[in-house]
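J.: Can you keep this structure in mind? I'll have questions shortly.
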Amino acid sequence: MIARLRGVAAGRAGPALILDVNGVGYLVHATPSVHRLGGGEVTVEVHTIVREDALQLYGFASGEEREFFELLLGVNGVGPKVALAIVSGSTPAELRRAIVRDDVKRFQAIPGVGLKTAQRVVLELKEKLTADPGGGEDGAGLTARDALVELGWTLVDAERALADVDPGLAVEEQVRQALRQAA
């Protein structure tokens, strides 16, 4: 499987990027964040889908975007085009917040996502994000969540409280703000 490509952005074919890697032009269906990487040499995280009649590459600016795309592919009724549209509209952190808050309307606003698909995305990914201890936004977010759980909070309540807290803060400050909001 192709997991990463580094090459020169040689052009666009609609929403897809043509990435020239040592003289070979790869057509990569990419998020807008990849297009913003600019000209010159770029590194694109890739998810490869191999079918009987096609080899499709989906490109992302970060591994976190690719991981969220792969989570979305595990949701019943979500294919690569819809998953790419969802990841293209928001950062993975914003999508996690929407899932924790049960914000079905956020997903419904995305072209190609109806009410039932939006509900499935929220329901199934909420279960996966809370069941997966590595599902935090980053190491600091995971540690703050664990601290709240150690204080007796449920995992879901800790996720909800941290959804409103700036993940860029120090872990201690994240916990303080979550506790203040709960008080």
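The values are calculated or read from the model by the stated rules, or taken from the named source; none is laboratory data. None of the values given here were measured: they were computed from a predicted structure. Note: ideal-geometry Cβ built from the backbone for every residue, glycine included; neighbour counts use all protein chains shown.
J.: Which one of these does Gly25 not meet: (1) surrounded by 12 or more Cβ atoms within 10 Å (Cβ to Cβ); (2) within 30 Å of Leu123 (Cα to Cα)?
T.: Failed condition: (2).
J.: Regarding Gly112, is this residue touching a strand residue (DSSP E or B) at 6+ places or on another chain (Cβ under 9 Å), loosely packed, with under 15 Cβ neighbours inside 10 Å, of a type outside the set (Ser, Thr, Tyr) and under 21 Å from His47 (Cα atoms)? Walk me through it before giving the result.
T.: Values: touching a strand residue (DSSP E or B) at 6+ places or on another chain (Cβ under 9 Å): no; loosely packed, with under 15 Cβ neighbours inside 10 Å: yes; of a type outside the set (Ser, Thr, Tyr): yes; under 21 Å from His47 (Cα atoms): yes.
For Gly112, the condition - touching a strand residue (DSSP E or B) at 6+ places or on another chain (Cβ under 9 Å), loosely packed, with under 15 Cβ neighbours inside 10 Å, of a type outside the set (Ser, Thr, Tyr) and under 21 Å from His47 (Cα atoms) - is not met.
J.: Farther than 24 Å from Arg4 by Cβ, crowded, with 16+ Cβ neighbours inside 10 Å and small (Gly, Ala, Ser): is that true of Ala98 in this structure? Show your work before the answer.
T.: Working: farther than 24 Å from Arg4 by Cβ: yes; crowded, with 16+ Cβ neighbours inside 10 Å: yes; small (Gly, Ala, Ser): yes.
So Ala98 passes the test.
J.: Tell me the residue from Glu67, Glu41, Glu45 that is more than 17 Å from the chain's Cα centre (by Cα) and either closer than 30 Å to Arg160 by Cβ or not assigned by TED's automatic domain parsing to the domain that holds Val156 (or both), please.
T.: Working: Glu67 fails: more than 17 Å from the chain's Cα centre (by Cα); Glu45 fails: more than 17 Å from the chain's Cα centre (by Cα).
Exactly one of Glu67, Glu41, Glu45 is more than 17 Å from the chain's Cα centre (by Cα) and either closer than 30 Å to Arg160 by Cβ or not assigned by TED's automatic domain parsing to the domain that holds Val156 (or both), namely Glu41.
J.: I'm trying to understand the selection: among the residues of region 74-85, which are touching a helix residue (DSSP H, G or I) at 6+ places or on another chain (Cβ under 6 Å) and surrounded by 15 or more Cβ atoms within 10 Å (Cβ to Cβ)?
T.: Hits for region 74-85 are Val75, Val78, Ala83.
J.: Next up: Just give me the residues in region 117-143 being surrounded by 17 or more Cβ atoms within 10 Å (Cβ to Cβ) and at pLDDT 80 or above, in sequence order.
T.: Hits for region 117-143 are Thr117, Ala118, Arg120, Val121, Val122, Glu124, Leu125, Lys126.
J.: Related question: Can you name the residue in region 13-42 that is under 21 Å from Ala83 (Cβ atoms) and of a type in the set (Val, Ile, Thr) and, of all such residues, is modelled with the lowest pLDDT? It would help to see each step written out before you state the result.
T.: Initially, region 13-42 is screened for residues under 21 Å from Ala83 (Cβ atoms), giving 13-17, 19, 26-37.
Okay, now just the ones that are also of a type in the set (Val, Ile, Thr), so 28, 31, 34.
Details: Val28: 93, Thr31: 88, Val34: 83.
Ranking the candidates gives Val34 first.
J.: Taking region 1-34 on its own, how many of its residues are free of Cβ contacts under 8 Å to residues at least 24 places away in the same chain and outside any strand (DSSP E or B)?
T.: Step one: filter region 1-34 for residues free of Cβ contacts under 8 Å to residues at least 24 places away in the same chain, giving 10-16, 18, 20-25.
Within this subset, residues satisfying the condition of being outside any strand (DSSP E or B) are 14-15, 22-23.
Of the residues in region 1-34, 4 are free of Cβ contacts under 8 Å to residues at least 24 places away in the same chain and outside any strand (DSSP E or B).
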